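Derivation of every value follows stated rules applied to the coordinates shown; laboratory data play no part. Only a predicted model underlies this, so the values are computations on that prediction, with no experimental measurement involved. When we count neighbours, we look across all protein chains shown, and the Cβ atoms used for this are built from the backbone with ideal geometry, even at glycine.
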Amino acid sequence: MKIEALPVVQEEYQLKDYDATARDFQWEEAEKTFTWYETGKVNMAYEAIDRHAKSDKKDKVALYYQDADRKESYTFGDMKTWTDKAANVYKEHSNLAKGDRLFIFMPRSPELYFALLGAVKMGTIVGPLFEAFMEGAVYDRLLDSEAKAIVTTPDLLGRIPLDRLPDLETVFLVGDNIKEDDKFIDFNKALKNASDAFEIEWVDKEDGLILHYTSGSTGKPKGILHVHYAMVQQYQSMKWVMDIRDDDIYWCTADPGWVTGTSYGIFGPWLAGTTSLILGGRFSPDAWYKAIEEYKITVWYSAPTAFRMLMGAGDGIVKKYDLTSLRHVLSVGEPLNPEVIKWGMQVFNKRIHDTWWMTETGAQMICNYGCLPIKPGSMGKPLPGVKAAIIDNNGVEVPPFTMGNLAIKKGWPSMMRQVWKNQEKFESYFINDEWYFSGDSAYMDDDGYFWFQGRVDDVIMTSGERVGPFEVESKLLEHPAILEAGVIGKPDPVRGEIIKAFVALNEGYEPSDELIEEIQQFVKKGLAAHAAPREIEFKDKLPKTRSGKIMRRVLKAWELQLPTGDLSTMED
Ligand code: WTA
């Protein structure tokens, strides 16, 4: 199959010659950007905020924040003040020490960013939680990480089972009329009263920075730990992949509850000294296009699901807005469909650049660079300094056009350093101590472009969010009507995949639309709205192995009307 590559638009990208750079690049080049390269004193928040606040970028806007109620801007100087204050709030009102875990569980607001970077200044490990998580999801994460403190809002407090979390000592509440005692602190009041002079905690490059919980195909979500040194790759990819420049206005649409919203919604842009927009509230085509027009966004990082929803909203609405400020548009999270790229060319007159990476990789890995022709449907080529390959199950590289495991040579700067308290799980990602297994299958063509084919495991990507079937199945089994549950991703033109559950009922329960609705609400309330199955199908019995494991592969084959393959391990 011959694919027409979209040619490079005549423009000077910062990564000029991919091949030459990829051949010669040493990470030490990127390290030289940071003060610690000279001083030996490391802290991500220093490099992202304080360094700029002490330079001629002091009065440059770091953060534009907007939602339905607020419209504010903060310079790098302001960000230093507010993050120093936040750090002092923790110091005065809690026993948090370097290495302790502090969680942040709240909707986007400027305070979320002060709270997060303030904690980094203390040397604590931050765990961001998506605001849509319900009690079960919150509990698992706080318990596993032995979180000592949390910043949240009165609205979300009811989802934190405080009596079952013995390590959680302090709750910082962001809101009005907060009643305080030893455990509950009014964060805004404390912030206002706190000193803005804080001695930053210097850490080791390899000390913990952020803990993102993410789903696999088995077991509870696992805590992926990244360290301060990840900054090297986050910064360098801002230059080469995002092509960020001093006068850019950058917008990453991801929530900091996900890795994209931290690596490229907080660390990356501010390490590069970029003016960044954070838009609160929910997705709406009008609000999004209006934001691009109003803030004159030049570099825009979003996701295929969002692009498909904008596409679905029609081109009429695009014409209402002036989007000519856009210079560089990028995508992450799911396969970027060639139709979406075509649509992007029509409505923005821009190529949309796909980027592939994962929570575990901490930063972009395989990308369509500005200086490369884009082959629609391909993720592009590895970051200079990163070696990617397609390997078989024994860790042996396979020839071009052969499908296999997408793998990365161990040791890139932003690689996860730990799966929280689970060394075995961490080791299971690697083969021969050499390759990191991504869990994605792909092939490489003879120009060195990578083509995503699917997940090797059962992980579901719905609207760009990664959902583990096990977590949903476990929740389903808590429902009194459900005897057995098997969960799969079903292909969907807008969301990539939707969650479909097959369930067998206990004696005394009958299938009905009301029961479907009730089960959906049960998962929504217990886990998160995005984890609730959009489709539920009742079965008398589910396909299981003789050891009793639900065979999701068979469910998937049923759903897609494909051959079920080898059934030798199935019980009769
Ligand atoms: C998928 C998101 C195709 C992939 C940053 C990966 C992609 C998982 C792409 C990680 C892409 C991410 N094309 N698939 N450009 N980017 N994925 O941890 O299956 O939430 O393994 O990280 O998303 O999801 P995660």
For Glu537 and Asp445, extending 7 Å from Cα along the Cα-Cβ vector and measuring point to point gives, in nm, a value of 3.5
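Hey, what does the equivalent ellipsoid look like for the chain, semi-axes from the Cα gyration tensor as sqrt of 5 times each eigenvalue, largest first, whole Å?
On the way: eigenvalues 247, 196, 113 Å².
For the chain, the semi-axes come out at 35, 31, 24 Å.
With r as the distance between the Cβ atoms of Lys71 and Asp163 and R0 = 45 Å, compute the FRET efficiency 1/(1 + (r/R0)^6) and round to 0.05.
With R0 = 45 Å, the Cβ-Cβ based efficiency is 0.70.
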Answer in debye to the nearest 20: the dipole magnitude of the stretch 119-158 about its Cα centre, from +1 Lys/Arg and -1 Asp/Glu charges placed on Cβ, is 260
Long-range share for the stretch 407-471, i.e. C-alpha pairs more than 13 Å apart as a percent of all pairs, stands at 74
Restricted to the chain, the DSSP antiparallel beta bridge percent, nearest 5, is 60
Per DSSP, the loop-located chymotrypsin sites (Phe, Trp or Tyr not before Pro) within the stretch 364-438 having at most 14 other beta carbons within 10 Å are Phe401
Any lysines whose Cα falls less than 20 Å from that of Lys71, other than same-chain ones fewer than 8 residues away, would be Lys60, Lys80, Lys192, Lys290, Lys296
In Å³ per residue, the alpha-carbon convex hull of the stretch 1-145 encloses 261
Counting only DSSP loop positions in the stretch 1-83, the GluC sites (Glu not before Pro) whose Cβ has at most 13 other Cβ atoms within 10 Å are Glu4, Glu11, Glu12
Once Arg23 and Asn193 are pulled to full extension, the length gained, defined as 0.36 nm per residue separation minus their Cα-Cα distance, is 55.9 nm
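Over the stretch 386-490, what is the relative contact order in whole percent, taking alpha-carbon pairs under 8 Å and six or more residues apart? It would help to have the intermediate numbers written out before the result.
Details: 154 pairs, mean separation 21.5, N = 105.
Relative contact order, the stretch 386-490: 21 percent.
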Given the candidates Asn88, Phe470, Leu165, the one whose Cα lies deepest towards the positive end of the charge dipole of the chain, counting +1 at each Lys or Arg C-beta and -1 at each Asp or Glu C-beta, is Asn88
Scoring the chain by relative contact order with C-alpha pairs under 8 Å, at least six apart, yields a percentage of 13
Checked against the positive end of the charge dipole of the chain (+1 on Cβ of Lys and Arg, -1 on Cβ of Asp and Glu, about the Cα centre), the farthest of Leu372, Val151, Leu527 is Leu372
Surpassing 22 Å at the alpha-carbon level, of the pairs Lys85/Lys183; Lys500/Lys525; Lys57/Lys350; Lys421/Lys500; Lys183/Lys220; Lys121/Lys189, are Lys57/Lys350; Lys421/Lys500; Lys183/Lys220
Whole-Å distance linking the alpha carbon centroid of the stretch 114-193 with that of the stretch 18-87 is 25
With +1 on the Cβ of every Lys and Arg and -1 on the Cβ of every Asp and Glu, the dipole magnitude of the stretch 485-553 about its Cα centre, in debye rounded to the nearest 20, is 620
Taking every alpha carbon pair in the stretch 182-320 and sorting the distances into 5 angstrom bins from 0 up to the bin holding the longest one, the percent per bin comes out as 2, 8, 14, 15, 16, 17, 14, 8, 5, 2, 0, 0
For the stretch 211-262, the Cα gyration tensor yields equivalent-ellipsoid semi-axes (√(5λ), largest first, whole Å) of 27, 13, 9
Amide H neighbours of Glu537 at under 5 Å, excluding residues fewer than 5 places away on the same chain, with H built from the backbone geometry, are Ala501, Phe502, Val503
The answer for trypsin sites (Lys or Arg not before Pro) in the stretch 387-462 that fall in a DSSP coil and have at most 15 neighbouring Cβ atoms within 10 Å is Lys387, Lys410, Lys421
Of the listed links Lys16/Lys58; Lys32/Lys98; Lys387/Lys410; Lys32/Lys58, those spanning more than 18 angstrom between alpha carbons are Lys16/Lys58; Lys32/Lys98; Lys32/Lys58
